[in-house]
Structures are given as C-alpha cells and as structure tokens.
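Right, one structure below, let's go through it.
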Amino acid sequence: MKKDKGTYAVLKNASLPTEQQKEKMLAHILSEYRIYKSSPAEKLYRLIAAYPWRFALGLSTVQAVLCTMIWGREYTNLVLKILGG
Amino acid sequence: MNLFIEALNHPIDAFRNKNKTGAWVLVASTILINTVFAPLLTWFACAWYSAPDIFSMMLTTLWGSASYLAICTALWLFCKLFGSKTPLKAYLQTWSLTFFPNLLCSIAVVFSEVYFTVFWNNSIWGILLSIVFVGLLIWKTILYIVFLKEVAGLKGGRMFGAFIVIGIIIVVLALLNGYVGLKTPIL
C-alpha cells in the first residue's frame, strides 16, 4: 500500500506545472485581465497591436490617395525618391 | 509557419513567447536580401553592370549584423536609463520579431530601384508604392511602440522620452546604414 502511495506521488509531481509554465500562465491571466479592465486608450492600443499591418496599411492607403489627389505624380515621385532606395 | 503568423498578427504574444528561430530567420533574410539579392538582381537586370564583388557582399553583411547589435545595445542602454529592467539578451532575442516590415521593405526597395523607369512618373505604380513604403514605416513605428511597452516595460512619460531619444539614434543609424550600402536599414 505504501509503495502505491509513492507511485501516486511521483505521478502527481510529474503532472504539476514547472516554474516557467507557472510564470507563463500568470502573464497570460494578467494580460487577459488588462483587456477587461482597460481605458479607451488602452483598448485602442490593443486594437492596433493586434494585426498592426492592417492599421498601418489602412492609414497609408488614405494618405496615398489624398496626397495623390492633391499633388498628383509629384507626390508619388517624391515618395519613390526618398523611400524607394 | 505559425511562428511567423504570430509575429505578423500578434506581436505582443510573439514578444512574450520569444521565438528565437523565427526571429533570426527574419533578420538574416533582411540582411541577405540587402547584401546578396540586391546586387545580383541589379547585375541580372542591367547587362552593362559589372558582376557583384563577393568581398563587398560579405562586408555589407557584416555591417548589417553590426547594425542589428548596435540598435539592440542602444535600445537596452536608453531603456535602462529610462527605468527599464529588461536584460540585453531579451532585446537581442525579441527586437528581431519587429523585422517583418524591414523584410518587405528590402524587397520593395530592390525592385523599385532596379525597375525604376517602370515606376517613375506612373500614377498607379506610384500610389501602390507610396501605400507600401509609408505603410511599412507606420507598421514599424507601431511595433517600436509595442516593443517599448511590452518588452522594455516602459509607460507614460518614460516611454515617450525613450521613444524620442531612441528615435533620434535610429535616424542616425539609418543614415550610417545608407552610407555603408544598406539601403534598407537593419534596425
């Protein structure tokens, strides 16, 4: 019977999370908590930080269309000259 | 593949999970596109260009690696001055996860430079390229802010201060990158 208890203890210990796993779980819980208890600025930050390329390319499309409408090819050539190598 | 998708779509999770392999692949690809692919494409596309020099390719590759180390050290140093407790190792492992815009920018720069005559004075290509270039710049800035907040652990005024100071360092390093022949800065 004693031997059985020892076996169970080994199995129980093996199934426990490691220190690293515990830290990861805590970080996950804290980040989830921040999502629920956050200010409008924090919510906006979370929205942009998830899929940042979507926001960046969306904003860039607006500026490209508006600036090209105002300055025409002079603007696109300028962007190409400065950022295009 | 999931590792790249995570770095692309959820940078906060990617910073937290610190995927080393994916991070190094991103930096190495950006450097190699700049230093090996760019001269080769120029040589293939323009018949009158002389064959690329292997020594200069190796030298710019070294400059690219040095630039990555320099920006990580600058980030660590100035974030530490502004109160961050993150060790240098964490900066070296996670800053590379912000390299998706750099990688795409290096590809766009190579093609826009080699096939310059196609894009110059063309409204459609001009709009598309200005969306790409300005978009990548905004994307990198977002990742820079997310990095300062999540990895360096800075908030409010301290984060703003670090953003401005390191921003100036980034501009200086970008100019130095251009001087040594790295058209897309390895920053």
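The values are calculated or read from the model by the stated rules, or taken from the named source; none is laboratory data. Keep in mind that what you see is a predicted model, and the values were worked out from it rather than measured. So basically every Cβ, Gly included, is an ideal-geometry build from the backbone, and we count neighbours across all protein chains shown. Remember, those area values only see protein heavy atoms, side chains included, never the ligands or the DNA or RNA. Shrake-Rupley method; radii C 1.70, N 1.55, O 1.52, S 1.80 Å.
Here are a few things to note about the model shown:
- Average beta carbon contacts from partner chains per residue of A:72-84, 10 Å cutoff: 6
- Tail beyond 23 Å, pair distance distribution of region B:15-101 (Cα, percent): 37
- Here the ratio of the Cα radius of gyration of the protein assembly as shown to 2.2 N^0.38 Å is 1.21.
- Within the accessible area of region B:45-187 (1.4 Å probe), percent carbon and sulfur: 76
- Out-of-range pairs (alpha-carbon distance over 19 Å; input A:LYS43/B:LYS155; A:LYS37/B:LYS155; A:LYS43/B:LYS80; B:LYS80/B:LYS149; B:LYS89/B:LYS155): A:LYS43/B:LYS80; B:LYS89/B:LYS155
- Principal semi-axes of the equivalent ellipsoid, √(5λ) from the alpha carbon gyration tensor of chain B, are 30, 18, 16 Å from largest down.
- Förster radius 30 Å - calculated FRET efficiency between B:ASN17 and A:TYR33, Cβ distance, rounded to 0.05: 0.95
- Of B:ILE168, B:ILE138, the order by accessible heavy-atom surface (1.4 Å probe, DNA, RNA and ligands excluded), from most exposed downward, is B:ILE168, B:ILE138.
- Angle in degrees between helix B:156-179 and the longest Cα principal axis of chain B, rounded to the nearest 10: 30
- Principal-axis analysis of the Cα atoms of chain B puts helix B:54-81 at an angle of about 20° to the longest axis.
- Surface burial for B against A, with a 1.4 Å probe and both sides summed, reaches about 2800 Å² of accessible area.
- The simple spin-label model puts a point 7 Å past each Cα toward its Cβ; for A:ALA14 and B:THR117 those points are separated by 7.1 nm.
- You can think of it this way: the chain between B:TRP125 and B:VAL171 has 13.8 nm of extra reach, that is 0.36 nm per residue less the Cα-Cα gap.
- Inter-site label distance for B:LEU81 and B:SER65 at 7 Å from Cα along Cβ, in nm: 2.8
- Considering all C-alpha pairs of region B:142-187, those separated by over 11 Å amount to 67%.
- Number of partner chain Cβ atoms within 10 Å, mean per residue of A:43-54: 5
- Contour excess over end-to-end distance, with Cα ends at A:ARG73 and A:ARG54 and 0.36 nm allotted per residue: 4.3 nm
- Reduction of at least 40 Å² in accessible surface, 1.4 Å probe, comparing all protein chains with the chain by itself, residues of region B:133-160: B:PHE133, B:VAL134, B:ILE138, B:TRP139, B:ILE142, B:LYS149
- Size of region B:92-178 as Cα extents on the principal axes (Å, biggest first): 45, 24, 22
- Relative counts (whole %) of C-alpha pair distances in chain A, using bins that are 5 Å wide: 3, 11, 9, 10, 9, 8, 8, 7, 8, 7, 5, 4, 3, 3, 2, 2, 1, 0
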